[in-house]
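Engineer: Sending over a structure as structure tokens; questions will come in a sec.
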Amino acid sequence: GPGWYGGPWGSPFYSPYYPPYYEEPLPTRDMLNNALPEGTLEPGGTQEGFLYFQGVARREDAVTLQVKLVDAQTGEPFGALDIPFQVSTK
């Protein structure tokens, strides 16, 4: 009804047509801040972070992350990983 649009806090997301909360668009700020960085790992090193597959859920029901492992000193490939993911729209 009247007074909803603009909401009590001036949010443009309060209206009769939208739920009274704001869902952060993807990728979220956390995803960007904690994204898996591009770079080289030292021997025995580890790295953690988010991977974000943009627009996949609208097109696919499964994706495979393909990682090529390369020796940082020589540039020679020494292995590969294929990691399958099921896509969920939840």
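Engineer: Could you calculate the contour length gain from Leu36 to Leu69, that is, 0.36 nm times the residue separation minus the distance between their Cα atoms, to one decimal place in nm?
Structural biologist: Taking Leu36 through Leu69 to full extension adds about 10.3 nm, to one decimal.
Engineer: How far apart, in nm, are the 7 Å Cα→Cβ label points at Leu81 and Tyr52?
Structural biologist: Distance between label points: 2.1 nm.
A short reminder: the numbers here are calculations on the coordinates, not readings from a lab. Predicted model only: the values in this text are computed from it and were never measured. Reconstructed Cβ throughout: ideal geometry from the backbone, glycine too, with neighbour counts over all protein chains shown.
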